[in-house]
Amino acid sequence: MKFFVDTADLGDIRSLVSSGLLDGVTTNPSLVAKSGKDFKEVIKDICAVVPGPVSAEVAGTEYDQIMAEANVLRKIADNVCIKVPLTPDGLRACRHLREDGTMVNVTLCFSPAQALLAAKSKASFVSPFVGRVDDIGWEGMGLIADIVQIYDNYDFETEILVASVRSPMHVVEAAKLGAHVATLPPAVLRSLFNHPLTEKGLATFLADWAKTGQTIV
Ligand code: G3P
């Protein structure tokens, strides 16, 4: 499973790159607004520190505007992945951008039918929002299961990029289902390490080692 981080905060991204666990980055207009930075500048900075796909979302909703914005964004860096909404104009733009090899992440996916359309549009990634489905009392992971089942029936090139992740259990369940990618808020990615028995066991090892009075170097 590939791990992307869902943020436009360069400090968080830099610290996670050093972990060796980061395969890419996703941003969205809300995360860019939260960063307080110039959009194109922050995407350029992120692309310089993360070798994998960096999703940069268009603001346009009409085909011509989406294509105009995509043409600006994809010139920023080779690893820019254009993020488009799962709408008729978004998917039309996706098809055209993919024809010349531009990576496209189709976002705001909330149903298996939508995910089927994204795959037929040759999207590089489709982003089903698990957390927001859970938030309205439906079963977000059931959406992932349906999409995996559908995609397994065909040789689609589209990778399932589980988004709107709220907890480590979302990551574990998505991995058990075989989703290709999870994009995690920085705090969720860091929390994957956490287990009380690891902390307790390490403390015991260190205490017992200290009793030996030995050093290794
Ligand atoms: O960036 C796409 C998605 O991960 C946003 O999730 O629901 O936390 O805003 P959410």
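Points to keep in mind about this one:
- Note on the chain: the alpha carbon radius of gyration divided by the globular reference 2.2 N^0.38 Å gives 1.15.
- A 1.4 Å probe run over the protein chains yields, for the chain, 52 Å² of accessible area per residue, whole-number rounding.
- Zone of I216's modelled label, taken as backbone nitrogen in the range 13-44 under 20 Å from a point 7 Å along Cα→Cβ: 19-20
- Whole-Å distance, taken between Cα centres, linking the range 166-192 and the range 1-18: 13
- Long pairs among K2/K122; K176/K200; K34/K83; K83/K176; K40/K122; K37/K122, criterion Cα-Cα beyond 21 Å: K176/K200; K83/K176; K40/K122; K37/K122
- Relative contact order of the range 2-212, defined on C-alpha pairs under 8 angstrom at six or more residues apart (%): 17
- A 1.4 Å probe, protein heavy atoms only, puts the accessible area of L116 near 60 Å².
- Percent carbon-and-sulfur accessible area, the range 2-212, ignoring ligands, DNA and RNA, probe 1.4 Å: 57
- When the range 2-212 is described by a simple charge dipole with +1 on each Lys and Arg Cβ and -1 on each Asp and Glu Cβ, the residue from I144, A118, V162 located farthest towards its positive end is V162.
The values are calculated or read from the model by the stated rules, or taken from the named source; none is laboratory data. Quantities reported herein were computed from a predicted structural model and do not represent experimental measurements. When we count neighbours, we look across all protein chains shown, and the Cβ atoms used for this are built from the backbone with ideal geometry, even at glycine. Heads up: the accessible areas ignore ligands, DNA and RNA and are worked out on the full protein's heavy atoms, side chains in. Shrake-Rupley method; radii C 1.70, N 1.55, O 1.52, S 1.80 Å.
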